[in-house]
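Undergrad: First the structure, which I've put down as structure tokens, then a few questions once you've had a look.
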Amino acid sequence: MPVAAAARTIRHVKRYSEILDVLVRHGFDDVVSNFGLDRLLQRGYGLVGAKREPTELMSRPARMRRVMEDLGPTFMKLGQMLSCRKDLVPDEWSKEFEKLQAEGPKLPFEAIREVLHAEFVGREQELFASIEEEPIAAASMAQVHRAVLTDGKPVVLKILRPGTEQRTQADLEILSTLAEFVENHFANVGFHPTDVVREFARELKREVDFTYEARSTDTLRRAFADDPNVRFPEVYWKATTRRVLALEEFTGVLLSRMTEENLTPEQRRDVVSHGADAVAKQCLEIGVFHADPHPGNLFALVQPDGRAIAGFIDCGMTGRLERRTMDELAQLVKGVAEADVDRVIEICGAFANVPPTTLSNPAFRADMADMVRSFEVRSFEQFDLPGLLNSLFETMRAHRLRFPAELIMLIKALTTIEAVGRSVDPTFDLIAHLRPSIERVVRQRYGWKAIRGRLLRNLGEYAALIEDLPSEIKLLIAAARQNNFAINLQHKGLSTLTQTIEHASRNIGFAMMVTGLTVASSILVHASGSPERAGLQSLGIIGFIAAGVLAIVYLIANRRWISSQRNDENGR
């Protein structure tokens, strides 16, 4: 174990013991044993002391969900992240992890007030006219209270629980050590645990820094500022810090608390259609999207005229699509609609970041052709974007090609809003509702205005290339005239062949040496027929012994070489 990992293990030995106890208690002693996790503490899992709970009727995914719930906020957040990453865990596990709710016990207001004192030193009276001591929500990492600013505006304060940053930092160090341990001892996990933990650490640091959520909320609010059917809360920056987030309070019906009495069928359809439009615009046009639009994060805001508009809250989990990814997404839709299999495969190569030669596998091309045919409509009248992305993901996963994490979050967002639509208004058809948005985006990407815009954006680069081209050609010609023009070729993958040839050459030389000694010794022994030639017989026997020793040395060395080659192949 590396020195840094050993130091982390010693520092958090109590927490390690707790993790092992919880795993054993929920029936994962086989995991502790098979992965050798008990060796981190130099103790057998049988000594941990946990009593197993009766789990015969629970599936392994359900028991792992219980493990994460018992281990607290960091591991619950890990489960929630994995629920969005079907590329890392099987479907039944991701569906089980979706049940993880980050609810927590209510803290007394004295503890919350200490956080406010530390964040707003001497400024509380200037900022807040009043703060309600009874929380309206309590999660595993934060607690929410109503408040009124000194200018009379009602707000909600999301306040980080005391000690959360320290606990999450300790748990992240433990997860890093466990990931390094698994990666060093098990070669065929199917993914790189250290990369997953690194990505999770990045996401978790955003969760405990409320300025990230504030910026995401502000970005989406500005993007929908001119849309009368969608609202995001206003961020009150003067009362926002890393540990406190002050947001506009929505007064409406939270969809998770919707009843037949508080929303009419027309209002339900309004809020679902506006919410779906908003998610489509976020994903296909803005490039920043709310990654978890479940009923607990969606308000129905009833207007004076009786209409209901969609209000989004909790933008802590957001996805971001680069302009290039959004363009590739539009090309994918166009390629599938036009049954252009080669174009779709090219987009897959861009998604997976692999060269075209990797995609030449006949089985992969056949599977992609089948997938494209299943969505071939030649128009957008029946286009199913969530279904397309999900099928593409499954096909690429089957052939061990990486699917972008941001697109997996996009699938999650689209399927979540589709589930919200079914639960709020069973007659709502998300696919039919999204078709105009998809058609509009694709046509915008390939219309004359879009092409002209791309040309104008790249005009400066084209001009610079043309300007530099004569001088570059001049340098090449000058180098050729001075015989300084050279082409360097780099070969890859021949080192193993070279080593094998060298080893075979050594074996041949060794075998010839042993054979020569054996033949010479035989001649000497045969020639020692008389007493005066007894010395020849002794010399021949010595030769036989030397040949035998050399043969044994050769066999041992050859066996070690074969073993080292196998280890190298397993490492690769």
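The values are calculated or read from the model by the stated rules, or taken from the named source; none is laboratory data. Fair warning: this is a prediction, and the values are worked out from it, not measured in the lab. Please note: Cβ atoms are built from the backbone with ideal geometry, for glycine as well, and neighbour counts cover all protein chains shown.
Undergrad: Do you know which residues across the range 377-402 are modelled with pLDDT under 70 and either in contact with a strand residue (DSSP E or B) (Cβ under 8 Å, 6 or more places away or on another chain) or loosely packed, with under 15 Cβ neighbours inside 10 Å (or both)?
TA: Once the filter is applied, which keeps residues that are modelled with pLDDT under 70 and either in contact with a strand residue (DSSP E or B) (Cβ under 8 Å, 6 or more places away or on another chain) or loosely packed, with under 15 Cβ neighbours inside 10 Å (or both), the range 377-402 yields 377, 378, 379, 381, 382.
Undergrad: Can you name the condition, by its number, that residue 287 falls short on among (1) modelled with pLDDT of 85 or more; (2) on the phi < 0 side of the Ramachandran plot?
TA: (2)
Undergrad: For the range 83-170, which helices (runs of 4 or more DSSP H) that fit wholly inside it have 2 or more residues that are crowded, with 18+ Cβ neighbours inside 10 Å and touching a residue at least 60 places away in the same chain (Cβ under 8 Å)?
TA: Passing ranges, in order: 109-119.
Undergrad: When you check residue 238 against the structure, is it in contact (Cβ under 8 Å) with a residue 12 or more places away in the chain and either surrounded by fewer than 16 Cβ atoms within 10 Å (Cβ to Cβ) or acidic (Asp, Glu) (or both), yes or no?
TA: The answer is yes for residue 238.
Undergrad: Step by step: first the residues of the range 280-307, then only those that are in a helix (DSSP H, G or I) and of a type in the set (A, V, I, L, M, F, W, C), then the one that is nearest to the chain's Cα centre (by Cα). Which residue is that?
TA: Once the filter is applied, the top-ranked residue is 283.
Undergrad: Need the failing condition index for residue 402 against (1) part of a helix (DSSP H, G or I); (2) of a type outside the set (Val, Ile, Thr); (3) closer than 28 Å to residue 359 by Cβ, just the number.
TA: So the condition that residue 402 fails would be (1).
Undergrad: Quick one: is residue 78 out of contact with any strand residue (DSSP E or B) (no Cβ under 8 Å at 6 or more places or on another chain) and at pLDDT 65 or above?
TA: Yes.
Undergrad: Shifting gears a bit: Mind listing just one residue for me: the one in the range 303-357 that is among the small types (Gly, Ala, Ser) and out of contact with any helix residue (DSSP H, G or I) (no Cβ under 7 Å at 6 or more places or on another chain) and, of those, farthest from residue 388 (Cα to Cα)?
TA: Among those that are among the small types (Gly, Ala, Ser) and out of contact with any helix residue (DSSP H, G or I) (no Cβ under 7 Å at 6 or more places or on another chain), it is 306.
Undergrad: Would you mind finding the one in 270, 227, 277 that is within 28 Å of the chain's Cα centre (by Cα) and among the acidic types (Asp, Glu)?
TA: 277
Undergrad: Testing residue 316 on (1) closer than 28 Å to residue 404 by Cβ; (2) out of contact with any strand residue (DSSP E or B) (no Cβ under 7 Å at 6 or more places or on another chain); (3) in contact (Cβ under 8 Å) with a residue 12 or more places away in the chain; (4) outside any loop (DSSP other than H, G, I, E, B), one condition comes back false. Which one is that?
TA: (4)
Undergrad: Here's another thing I want to ask about it. Please list, ordered by first then second residue, the pairs with beta carbon atoms under 7 Å, 6 or more apart or interchain, first in the range 356-369 and assigned by TED's automatic domain parsing to the domain that holds residue 335, second surrounded by 10 or more Cβ atoms within 10 Å (Cβ to Cβ) and of a type in the set (Ser, Thr, Tyr).
TA: 367/395; 368/395
Undergrad: Now for a different question. Can you tell me which residue is surrounded by the most Cβ atoms within 10 Å (Cβ to Cβ) among those in the range 264-278 that are touching a strand residue (DSSP E or B) at 6+ places or on another chain (Cβ under 9 Å) and in contact (Cβ under 8 Å) with a residue 60 or more places away in the chain?
TA: 271
Undergrad: List the number of the failed condition for residue 257; all other conditions in (1) at pLDDT below 90; (2) in contact with a helix residue (DSSP H, G or I) (Cβ under 7 Å, 6 or more places away or on another chain) hold.
TA: (2)
Undergrad: Quick check: is even one residue across the range 446-469 at pLDDT 75 or above and loosely packed, with under 13 Cβ neighbours inside 10 Å?
TA: Scanning the range 446-469, I find at least one residue that is at pLDDT 75 or above and loosely packed, with under 13 Cβ neighbours inside 10 Å, so the answer is yes.
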